[in-house]
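Right, one structure below, let's go through it.
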Amino acid sequence: MDKARIYVTKPDLPPLEKFIPYLEKIWESRILTNNGPYLQLFEQALCSYLGVQHISLFSNGTLALMTALEALNISGEVITTPYTFVATAQSLYWRHLTPVFVDIEPDSCNLDPKLIEDAITPETTAILPVHTYGHPCKIGAIARIAEKHGLSVIYDAAHAFGVRFQGRTLLDFGDLSIVSFHATKVFHTFEGGAVICHDAGMKQHLDDLKNFGFRDEVTIEAPGINGKMSEFNAAFGLLQLQYADRALQRRRDIAARYRNALRGIRGITFFSPAEDCTENASYFPVLVDGDFPLERDDLYQLLKQRGIYARRYFFPLISDIPLFRTMPGAEKLRTGTARRIADQILCLPIYTSLEDREIDIITSIIRTTR
Ligand SMILES: *Cc1c(COP(=O)(O)O)cnc(C)c1O
């Protein structure tokens, strides 16, 4: 990899020598997967770190999401956002569910609760909002709508590890929340994910589903899948968790430095943490609007020419991808907030080893653009 380049993200890795003893234990025990000792330790450690009751670990966030939909028996139509990573809508597709796209709010980039009720039909069984960039959804409003119409709420909290909201982890809301531990996420296990749930029965059900539906050696209680996290990933997660607070703090410092340097530049706006929310600074999205001297794509190219790989995340909208273009709600999104934001968004590099000096280079390019 070219050292001079600055990518939008770079995964954290603890010192290699710290991981060797974990590997030695795995080699000794020969327990490689299937609810092994590291998996159990990692689940307990995450529960206490996050302050939640039950967590079921998965091999990735997408399988966690698909299994969550199965566990709650979701059918028919699911109200969701077009402004997300494609896995959100694809998980619905794989379970033969119909995504119904509803526009987002400009201040958070999350599903707009005011528009949800209009999209509910007799086929609707669930709402699948995303805490985009770790920005909290309007949880109270969404819960009231869900209760009134008897719908389940599953949060795609893939971006939300380390976010505290109203004194709790943001991963603890809704009927179920799913998080991703993919290498590009704030906290990762190479590949990985989890479902956070509120009771032991659901935890058992999720554990069974991710292990082919096995209840015991001879009983298959449900149409399961293989979503198990291996001992390698669980051991790595256990080690990585020791570094999580430091990593989150460094990210918050980077976000603060960006905000200071970008404040007052015409045509550039950024997001501030919501009230009663401690951000995880998982991304640093800015909007490039008509007052900036360059179009968003031109700024993206200019940065790239200087070796800085920003990312148009999320662009294009899910509702514009051929697979989903004909789904309910997609038409209305040809105009609207999600469209505007997808056309203006640019995520700047943010990762723990990004240096202050590099942040200053990035922001001065943006500041001096004519
Ligand atoms: C990363 C991501 C996923 C998928 O997680 P994987 O662990 O990569 O399968 C789902 N939804 C969103 C919003 C994501 O960013």
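The values are calculated or read from the model by the stated rules, or taken from the named source; none is laboratory data. Since we're looking at a predicted model, the values are computed, not measured. We place every Cβ from the backbone using ideal geometry, glycine too, and count neighbours over all the protein chains shown. Side chains are part of the model used for accessible areas, which takes the heavy atoms of the whole protein and leaves out ligands, DNA and RNA. Shrake-Rupley method; radii C 1.70, N 1.55, O 1.52, S 1.80 Å.
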Just the residues that are part of a strand (DSSP E or B), open to solvent by 10 Å² or more (accessible area, probe 1.4 Å) and among the hydrophobic types (A, V, I, L, M, F, W, C), please, taken from the range 269-287. F270, C277, L287
Search the range 146-161 for residues that are within 19 Å of Y133 (Cβ to Cβ) and pair each with any residue that is more than 16 Å from the ligand (Cβ to nearest atom) and among the acidic types (D, E) when their beta-carbon atoms are under 8 Å apart and the residues are at least 6 apart or on different chains. I154/D175
Search result, residues across the range 253-264 that are surrounded by fewer than 18 Cβ atoms within 10 Å (Cβ to Cβ) and of a type outside the set (D, E, K, R): A256, N260, A261, G264
If you go through the range 178-207, how many residues are closer than 17 Å to V153 by Cα and within 10 Å of the ligand (Cβ to nearest atom)? 3
Every residue from the range 292-333 that is closer than 20 Å to V130 by Cα, assigned to a helix (DSSP H, G or I) and open to solvent by 10 Å² or more (accessible area, probe 1.4 Å): D320, K332
Listing of helices (runs of 4 or more DSSP H) fully contained in the range 1-118 that carry 2 or more residues being assigned by TED's automatic domain parsing to the domain that holds A234 and within 16 Å of the ligand (Cβ to nearest atom): 37-50, 61-71, 86-94
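For every residue, the table says whether it meets (1) of a type in the set (D, E, K, R); (2) free of Cβ contacts under 8 Å to residues at least 12 places away in the same chain; (3) closer than 28 Å to R357 by Cβ.
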residue: D253; (1), (2), (3): yes, yes, yes
residue: A261; (1), (2), (3): no, no, yes
residue: A274; (1), (2), (3): no, no, no
residue: V286; (1), (2), (3): no, no, yes
residue: Y309; (1), (2), (3): no, no, yes
residue: L323; (1), (2), (3): no, no, no
residue: K332; (1), (2), (3): yes, no, no
Single residue of Q90, Q44 found to be open to solvent by 10 Å² or more (accessible area, probe 1.4 Å) and more than 18 Å from D172 (Cα to Cα): Q90
In this structure, does R95 turn out to be more than 18 Å from G134 (Cα to Cα), open to solvent by 20 Å² or more (accessible area, probe 1.4 Å) and in contact (Cβ under 8 Å) with a residue 24 or more places away in the chain? yes
